[in-house]
1. Just give me the residues in region B:98-110 being part of a strand (DSSP E or B) and at the interface with another protein chain (Cβ under 10 Å from one of its Cβ atoms), in sequence order.
2. Run down A:D68, A:D108, A:D92 and say which single residue is near DNA strand D (Cβ under 10 Å from one of its atoms), under 15 Å from the mean Cα position of the chain (by Cα) and of a type in the set (D, E, K, R).
3. Restricting region B:44-64 to residues that are closer than 23 Å to B:A135 by Cα and away from chain A (no Cβ under 14 Å), which is farthest from DNA strand D (Cβ to nearest atom)?
4. Here are A:R18, A:R29: which of them is crowded, with 16+ Cβ neighbours inside 10 Å and either over 13 Å from the mean Cα position of the chain (by Cα) or at pLDDT 95 or above (or both)?
5. So which residues in region A:55-93 are surrounded by fewer than 16 Cβ atoms within 10 Å (Cβ to Cβ), within 15 Å of DNA strand C (Cβ to nearest atom) and among the polar types (S, T, N, Q)?
6. Please state which one of A:I35, A:I13 is closer than 21 Å to A:L81 by Cα, in contact (Cβ under 8 Å) with a residue 40 or more places away in the chain and either in contact with a Phe, Trp or Tyr (Cβ under 9 Å, 6 or more places away or on another chain) or surrounded by 14 or more Cβ atoms within 10 Å (Cβ to Cβ) (or both).
7. Hey, among the residues in region B:124-146 that are free of Cβ contacts under 8 Å to residues at least 12 places away in the same chain and more than 7 Å from chain A (Cβ to nearest Cβ), which one's farthest from the chain's Cα centre (by Cα)?
There are 2 protein chains.
Amino acid sequence: MAAPHQKEQLDQIVELIRRHGGRVTVPRRAVIAAILEGDGHRSADDIGRAVQAEHPDVALSTVYRTLDALQQLGVIEHSHLGHGAAVYHLTDHGHVHLVCRSCGDVTDVPDEIVAELTARLDDEHGFALAPRHFAMFGTCRRCRPD
Amino acid sequence: MAAPHQKEQLDQIVELIRRHGGRVTVPRRAVIAAILEGDGHRSADDIGRAVQAEHPDVALSTVYRTLDALQQLGVIEHSHLGHGAAVYHLTDHGHVHLVCRSCGDVTDVPDEIVAELTARLDDEHGFALAPRHFAMFGTCRRCRPD
DNA sequence: TTAGCTGCAAAAGGTTTGCAAATTA
DNA sequence: TAATTTGCAAACCTTTTGCAGCTAA
């Protein structure tokens, strides 16, 4: 499961937490591991379930608090993929999410796709787009009438 | 308040409801009026408050059910402007929303701004973007460090 | 030692639902 | 009259919070 580079990433994050005066605990390690092992589309609940598989008495509130802490450190961010729960992923994820309103399927596309939009919003509106913070909704190929 | 063209719009919507076998009730009229009078950024709760100013015993659940019905008819749609409640607006609103993650301010921009993105997503991914269903997050001019 | 975490339980916000009574066409 | 809509209250889901006890550094 834990690919070798995931261990390195975990170690880096752990060090970052310590450098900021945070404590590295069993629940925190488990949350980080669950994110690293995930596909970048895990909700707090998914992460909680993964953590609890190994450490049954980690509370979901601890998962939320850890996710908060990791966001403050800039390690992860969350996206809203629809009406339900937000999903958490590494900051350098590099993708935007396309969510089909019909089948619910999520497709990742490189965030270069919004480069022109990002430039225009900056030029014309002084707005710095954070493209990974939200999903883009629409209808996927399979669900479109031809 | 009620601009003359709003009365016409209301009548059109009322007729559409009837044509689809729906009943036109006092609460429904009031919900539609609240949407027409709004700025396109009203949440279900905002709409409920506006409705209750005139008709104090309309329940919020009725507001939600009416909003649902209007969405099914294609008259309105909702957008997620952040972590809180969704906002409802006419389908032909023609704008996308820019939401500042720092100050929470919402700016409307004509949806022409996403034309190129829409075309690329269609070409490259077969994905039909529904740009008004979600807000785009980022940092607004005022909140950006220069 | 002590600031920082944790689990638990409860609360908070937004939205949905079941049901009997009221209303529309 | 028959089908739809309503108000109410309760449930639901996701996320947040208060607090006393626990633990990493």
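The values are calculated or read from the model by the stated rules, or taken from the named source; none is laboratory data. Predicted model, so just to flag it, every value in this text is computed and none were measured. Here the Cβ positions follow ideal geometry from the backbone for every residue, glycine too, while neighbour counts run over all protein chains shown.
1. Narrowing region B:98-110 to residues part of a strand (DSSP E or B): B:98-100, B:106-110.
Of everything in region B:98-110, those that are part of a strand (DSSP E or B) and at the interface with another protein chain (Cβ under 10 Å from one of its Cβ atoms) turn out to be B:L98, B:V99, B:C100, B:T107, B:V109.
2. Going through A:D68, A:D108, A:D92 in turn, just one is near DNA strand D (Cβ under 10 Å from one of its atoms), under 15 Å from the mean Cα position of the chain (by Cα) and of a type in the set (D, E, K, R): A:D68.
3. Selected residue: B:D46.
4. A:R29
5. Matches in region A:55-93: A:S61, A:Q71, A:Q72.
6. Being closer than 21 Å to A:L81 by Cα, in contact (Cβ under 8 Å) with a residue 40 or more places away in the chain and either in contact with a Phe, Trp or Tyr (Cβ under 9 Å, 6 or more places away or on another chain) or surrounded by 14 or more Cβ atoms within 10 Å (Cβ to Cβ) (or both) holds for just one of A:I35, A:I13, which is A:I35.
7. B:D146
For (1) under 20 Å from B:R101 (Cβ atoms); (2) charged (D, E, K, R), each residue gets a yes or a no:
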site: A:H95; (1), (2): yes, no
site: A:R101; (1), (2): no, yes
site: A:P110; (1), (2): no, no
site: A:I113; (1), (2): no, no
site: A:R141; (1), (2): no, yes
